[in-house]
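Some notes on the structure that comes next.
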Amino acid sequence: MEIRTFGVIGSGQMGGGIAQVAAASGLNVIMNDIKEEFVQKGISIITKNLARSVEKGKMSAEEKDAILSRIRLSTNLSDMKDADFVVEAATENEPIKFKIFRDLDAICSSHAILSTNTSSIPIGRIASQTKRPEKVIGMHFMNPVPVMKLVEIIRGIATSDETFKLTWDLSINFGKTPAEANDYPGFIANRILMPMINEAIYCIYHGVGTKEDIDTVMKLGMNHPMGPLALADLIGLDTCLAIMETLYSGFCDSKYRPCPLLRRYVEAGWLGKKTGKGFYEYNS
């Protein structure tokens, strides 16, 4: 099957990044979100990213304009009827994702592949919401999408070999390096990363060290590019909590119990960089 039109559900940090790399690879892209202001903000960020690349000499102004011309904005999910491949990049919430997949299953062409950028929810559980489980797959991009090379590819129990190969090849066409993970909660990336972040939050909770010292130890002692608490703020503390809750419920193991301090921050609306305050404070 040839993929010509690529749909993205969500125009935020992840969805906008996915739309950008898809359009840069030459595909026609439909970027959908629930409000006009969301898609306008998304395309504005993409435009700024591309303009920065032009300033740095990484692409020409003509290339930037060509990429932008391939992105069509949408606030109506029925526009996905034209897509050959869709990536859902909505918030990490099971009921929301389940409804999106039920709706996409009814809207999209029978040949269309439906993928999810979920960072922790089992693919088989999402696929069960559709009548095409063999065409449902996980395509987990890393943040920031235009920069990070990895794409985690996760097949559900019913995902066909054809769907897997097409998704794998598509990742390579996007200039990414795919890695296969089996369908367990958190897959590979977040099964390892999120407990580390959660443990760093426990270190604050128990008074083991300050946020600055914890991040400094991990950056300079473990050669991480950024500390776990700064990374949590970048990811979004609500997303971190949702992933930890998925791990905790999926494995029924106390080692995945979310730190109470993480929950308190989320309940207070301190979600990290996107709200201006998390473990650190950020200028808007």
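For the chain, the antiparallel share of DSSP beta bridges with both residues in that region comes to about 20%. Step through the table entries LYS99/LYS135; LYS41/LYS149; LYS64/LYS165; LYS48/LYS176; LYS149/LYS219, compare each Cα-Cα distance with 26 Å, and write down the pairs that go over it. The pairs that break the limit, which is 26 Å between Cα atoms, are LYS64/LYS165. The coefficient of translational diffusion for region 5-181, derived via Stokes-Einstein from the alpha carbon Kirkwood radius under 10 °C and 1.306 mPa s, stands at 99 µm²/s. Could you calculate the FRET efficiency of THR75 with TYR205 from 1/(1 + (r/R0)^6), where r is the beta carbon distance between them and R0 is 35 Å, rounded to 0.05? The calculated FRET efficiency here is 0.30. Only Cα pairs under 8 Å and 6+ residues apart enter the sum, and on that basis the relative contact order of the chain stands at 13 percent.
GNM on the chain, alpha-carbon springs under 10 angstrom: the most fluctuating residue among MET226, MET194, MET31 is MET226. Largest mean-square fluctuation among GLY57, GLY272, GLY227, in a Gaussian network model of the chain whose springs join Cα atoms under 10 Å apart, belongs to GLY57.
Relative contact order, whole percent, for region 1-147 stands at 27, derived from Cα pairs under 8 Å and 6 or more residues apart. Which residue, GLU94, GLU267, GLU152, has the most motion in a Gaussian network model of the chain that connects Cα atoms within less than 10 Å? Comparing GLU94, GLU267, GLU152 in a Gaussian network model of the chain, the most mobile one is GLU267. When both region 1-58 and region 74-148 are represented by their alpha-carbon centers, they are found 16 Å apart.
Per-residue Cβ neighbour counts within 10 Å put CYS108, CYS240, CYS259 in the sequence CYS259, CYS108, CYS240, beginning with the fewest.
Checking every one of the trypsin sites (Lys or Arg not before Pro) in region 56-122 against DSSP loop status and a limit of 11 other Cβ atoms within 10 Å picks out LYS56, LYS58. Beta bridges per DSSP, both residues in region 1-157: antiparallel share near 20 percent. If you plug the beta carbon distance of ASN283 and GLU2 into 1/(1 + (r/R0)^6) with R0 = 51 Å, you get a FRET efficiency near 0.65. By the count of other C-beta atoms within 10 Å, a proxy for reagent exposure, ILE121, ILE137, ILE43 are ordered fewest to most as ILE43, ILE121, ILE137.
We did not get these values from a lab; they are worked out from the coordinates using the rules stated. Remember, it's a predicted structure, so these values are computed and weren't measured experimentally. As a convention, Cβ positions derive from the backbone with ideal geometry for all residues, glycine included, and neighbour counts pool all protein chains shown.
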